[in-house]
Amino acid sequence: MKVTLLPGDGIGVEIIDAAVEVLEAVATKFGFTLEFDKQLIGGCAIDAVGVPLPEATVSSAKAADAVLLGAVGGPKWDNVAPEIRPEKGLLGIRKALGLYCNLRPMTVSNFTAHLSPLRPEQVAGADLLIVRELTGGIYFGKHDEAHLNAEGVEEASDIELYTVPEIKRIARYAFAAARQRRGKVTSVDKANVLASSRLWRRVVTQLQAEEYPDVELNHFYVDNCAMQLVLNPKQFDVILTNNIFGDILSDEASTLAGSIGLLPSASLGDGTGMYEPIHGSAPDIAGQGIANPTATILSAAMMLRYSLKQTEAASAVEEAVNAVMEQGYRTKDLYSEGLQLVSTSEMAALIAAELLK
Ligand code: NAD
């Protein structure tokens, strides 16, 4: 199985090395072979070839079974021309691979609940999955940049637009995921105000009735959902939502876990899927060997599950991560007295060793 590795910038390099060590261990254990192809994206690509998304990266990714990405960006490239910013590489690869579905699981274990901004008893055991539409809606609608209108007043606008096929294909991902989990989908919209949300709600409701009657469905307005995530996160199983609401809610949900270094993500389309931690390149700690590789290792587990169809291997990686946490090993972001402080590479080695036990 071919995997394109895109370490990118900052801690991207360290966390991808860590994930590769774990992937090699799990491949040995389960008797399959992974072929890695490392390519450039983001700031390092700008430095090397002048663009954030070289053609070689796109063709490697398209030919691969999956892509594992670290992170892109950093202060070094803050002042480059807008059309070649590192983030353009990320948007470009998502577009090139047609990744319309973003999955962000958020679980809170007993080991990390005390790091959450919520009270541990309120959040321990929370286990939700946000399914976000990634290629439609207001981020990709018509952007009318600031201009003077007929009355001479400056204005700007962005269009939120969804088609029925776009809503159906993302909703199907959410319902299918719910069937593998606890069987409940909460669809989030703003149907009291937005026409696009009223269509969203109608299509999701119809689809559930016609194709997924076994899955429970409820609807929340986005403002209520934002509140409920903080008041009672354990009520959620799968949250299905559009691009902009998903962007905001998934960042909100991620804070509940206590550290950004723990949370993985997957972006899927009809071809190659891409897997990445939800955090950025953390330039403040890059090169120090202290980054938490767990989010990337758990992203690799999602890759094993969704793209490489190695379900048992995926679960084994997740269990190994838990086991190492249970043994008390922590990277700096999660460390407190009484626990064992380890570096990025030590954490990876411990998880790999746990797999090979
Ligand atoms: P960030 O996620 O990189 O860092 C936020 C804070 O969390 C920092 O203090 C950092 O040290 C810490 N952190 C992040 N990941 C960690 C890990 N694995 N282990 C321990 N601590 C970790 O966000 P930022 O500082 O806002 O952005 C830095 C750069 O990353 C910017 O250039 C930004 O554009 C880019 N960025 C990239 C992505 C991506 O590639 N998907 C996402 C977000 C931000």
So Tyr335 and Lys142, fully extended at 0.36 nm per residue minus their Cα-Cα distance, gain in nm 64.9 nm
Rounded to the angstrom and largest first, Cα extents along the principal axes for the chain equal 65, 49, 39
For segment 117-256 the mean separation of alpha carbon contacts under 8 Å (6+ apart) over residue count, i.e. relative contact order in percent, is 38
From DSSP H assignment alone, runs of 4+ in the chain each adding -39500 (n - 2.57), the sum over residues rounded to the nearest 500 puts [θ] at 222 nm at -13000 deg cm²/dmol
In the chain the DSSP beta bridges are antiparallel at a rate, in percent to nearest 5, of 40
Of all DSSP beta bridges with both partners in segment 117-256, the antiparallel percent, nearest 5, is 20
Using alpha-carbon positions, the gyration tensor of segment 117-256 gives root eigenvalues a ≥ b ≥ c; with a/c under 1.5 called rounded, otherwise prolate if a/b exceeds b/c, else oblate, the class is oblate
Taking a crude spin-label model, label points 7 Å out from Cα along the C-beta direction, the Val153 to Glu55 distance in nm is 4.9
Everything considered on the Cα gyration tensor (a ≥ b ≥ c; rounded for a/c under 1.5, else prolate if a/b is larger than b/c, else oblate), segment 281-357 must be described as oblate
Ignoring ligands and nucleic acids, Thr272 exposes an accessible area, probe 1.4 Å, in Å² to the nearest 10, of 20
Under Stokes-Einstein, segment 198-314 at 37 °C and 0.692 mPa s, with its Kirkwood radius over C-alpha pairs, diffuses with a coefficient in µm²/s of 197
Taking the alpha-carbon centre of each part, the distance from segment 152-222 to segment 1-78 in Å is 32
When the charge dipole of the chain is computed with +1 at the Cβ of Lys and Arg and -1 at the Cβ of Asp and Glu, the Cα pointing farthest to the positive end, of Leu355, Ile46, Ser157, is that of Leu355
In nanometres, the difference between 0.36 nm per residue of separation and the alpha-carbon distance of Leu91 and Asn79 is 2.5 nm
Counting only protein heavy atoms and rolling a 1.4 Å probe, one gets per residue an accessible area for the chain in Å² of 43
Scalar couplings 3J(HN,Hα) for segment 16-23 by Karplus 6.51 cos²θ - 1.76 cosθ + 1.60 (θ = phi - 60°), nearest whole Hz, x for Gly and Pro, are 6, 4, 5, 5, 5, 4, 5, 4
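The values are calculated or read from the model by the stated rules, or taken from the named source; none is laboratory data. Here the structure is a predicted model, which means the values were calculated and not measured. All Cβ positions, glycine included, derive from the backbone under ideal geometry; neighbour counts span all protein chains shown. Areas reflect the complete protein model, heavy atoms only, side chains present, ligands, DNA and RNA absent. Shrake-Rupley method; radii C 1.70, N 1.55, O 1.52, S 1.80 Å.
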